[in-house]
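All remarks here apply to the structure that follows.
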Amino acid sequence: MPEFKIASIPADGIGPEVIAAGIKALEAVVARNPENQFSFTHFNWGSDYYKQHGKMMPEDGLETLKGFDAIYFGAVGAPDVPDHITLWGLRLPICQGFDQYANVRPTKILPGISSPLRGVGVGDLDWVIVRENSEGEYSGHGGRAHKGMPEEVGTEVAIFTRAGVSRIMRYAFQIAASRPRKQLTVVTKSNAQRHGMVMWDEIAEEVAAEFPDVTWDKMLVDAMTVRMTLQPESLDTIVATNLHADILSDLAGALAGSIGVAPTANIDPEGRFPSMFEPIHGSAFDITGKGIANPVATFWTGAQMLEHLGLPDEAARLMDAVEEVCREGIMTPDVGGDANTEQVTDAVCEAIRAKNS
């Protein structure tokens, strides 16, 4: 009987609310198959921990997490702690420390949710955005000189390595090859950034030769925002740099109806370390404690976690339940509903229990 050990890090804002909802749904799924067991260990790391200890997690945090099969992460960020401290103190050290170099962000319009795009509905927008998650614009290299003086200088160095670009490009082509349309769009800004971005283009062409069944094209990132908005049906799998994909995936979530339904998987494809699963939406302190946080993104990323752990049937059952509940109109206010977090969660759990297959 396999037992999966999951580290739960709810962290900040609405993180504890949506992670609690996600765990409830995951437990409902695994309860249907006694051969699988899940155990959750909760860690109180985040901004409150920082205010008490001067750091976002303990020094041995990564070592502690190594013993888990996956990490279920809520959100990081607080109004009274600078964002660069919260992000570089918790989420990025986990992503980079565990070499979770593939950030996978599926986006589609769920039944019952309206896209802000005119005439676009279920099936017209169904994408997977693959984000390079270990280097690029978020490498953390750079510095400041002459701080506070008129001639102060700040540098932020984007680092692109052949190894890093090759592995994310190959991963994106593999995902594209596994999807029905077998189509990939490579996003860069190689007209203006003539070193790292040109290397992206060149490596894409090299890797493409390994996947003759995948049709691929290239887009500049600014033109890509137009294509996503005006021709969503023309896209399928997308790969981009750390910064570009971060921005494009937020746009994708909004075009699908709400960033509250957008999930993320931070994957170590080689399985050397635990991968981390989280909603995109962030800590959302403006609605914290109101009970109206949308748990759908957390359910969806929970399904990604199940898939990653080798439980595709359970992942499909969870997503089927989510789509059924959305179709019935049981949704939170951000997507036009009047249900609260608990009501959506209970409806999803009930749909899971009601499934015969």
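None of the figures in this text is laboratory data; all of them are computed from the coordinates on show. Because the structure is a prediction, the values reported are computed rather than measured. Reconstructed Cβ throughout: ideal geometry from the backbone, glycine too, with neighbour counts over all protein chains shown.
Start at zero, step by 5 Å, and the Cα-Cα distances of the range 168-211 spread as 5, 23, 29, 20, 13, 7, 2 percent across the bins.
Given the C-alpha centroids of the range 1-19 and the range 24-94, what is the distance between them in whole angstrom? Centre-to-centre (Cα) distance: 7 Å. Considering only Arg105, Arg131, Arg144, the mean-square fluctuation computed in a Gaussian network model of the chain, springs between alpha carbons under 10 angstrom, is largest for Arg144. Cross-link partners of Lys66 among lysines, defined as those whose alpha carbon lies under 20 angstrom from its own and excluding same-chain residues fewer than eight positions apart: Lys5, Lys55.
Counting neighbouring Cβ atoms within 10 Å and putting the fewest first, the residues Lys355, Lys108 line up as Lys355, Lys108. For the range 115-256, the share of DSSP beta bridges that are antiparallel, to the nearest 5, is 30%. With a ≥ b ≥ c the root eigenvalues of the C-alpha gyration tensor of the range 1-145, is it rounded (a/c under 1.5), prolate (a/b larger than b/c) or oblate? Taking the square roots of the gyration eigenvalues as a ≥ b ≥ c, the range 1-145 is oblate. Counting Lys and Arg as +1 and Asp and Glu as -1 over every other residue whose Cβ lies under 12 Å from the Cβ of Phe273, the net charge comes to -3.
Quote the FRET efficiency, to the nearest 0.05, computed for Asp124 versus Arg353 with a Förster distance R0 of 35 Å and r equal to the Cβ-Cβ distance.
On the way: r = 32 Å, r/R0 = 0.90.
My answer for the efficiency is 0.65.
How high is the relative contact order of the range 115-256, given as a whole-number percent (alpha carbon pairs under 8 Å, six or more residues apart)?
37
Summing +1 for each Lys or Arg and -1 for each Asp or Glu, what net charge is found among the other residues whose Cβ lies under 14 Å from the Cβ of Glu135? Summing Lys/Arg as +1 and Asp/Glu as -1 gives -2.
Straight-distance candidates among the aspartates and glutamates for linking to Lys290, with alpha-carbon spacing under 14 Å and chain neighbours fewer than 8 residues away dropped: Glu17, Asp334, Asp338, Glu342.
For a straight C-alpha distance cut-off of 28 angstrom, the lysines reachable from Lys182 (same-chain residues fewer than eight places away being disregarded) are Lys108, Lys218. Largest GNM mean-square fluctuation across Thr341, Thr188, Thr161, computed for the chain with C-alpha springs under 10 Å, falls on Thr161.
The GNM of the chain, with springs linking C-alpha atoms under 10 angstrom apart, assigns the highest mean-square fluctuation among Ala265, Ala177, Ala240 to Ala177. Neighbours of Gly46, meaning other residues whose beta-carbon lies under 14 angstrom from its beta-carbon, give a summed charge of -3 when Lys and Arg score +1 and Asp and Glu score -1.
Considering only C-alpha atoms, what is the centroid distance from the range 112-175 to the range 284-324, in Å? When both Cα centres are located, 23 Å separates them. Packing order of peptides 10-18, 116-124, 166-174, 25-33, highest average first: 10-18, 166-174, 25-33, 116-124 (average count of other Cβ atoms within 10 Å over each peptide's residues).
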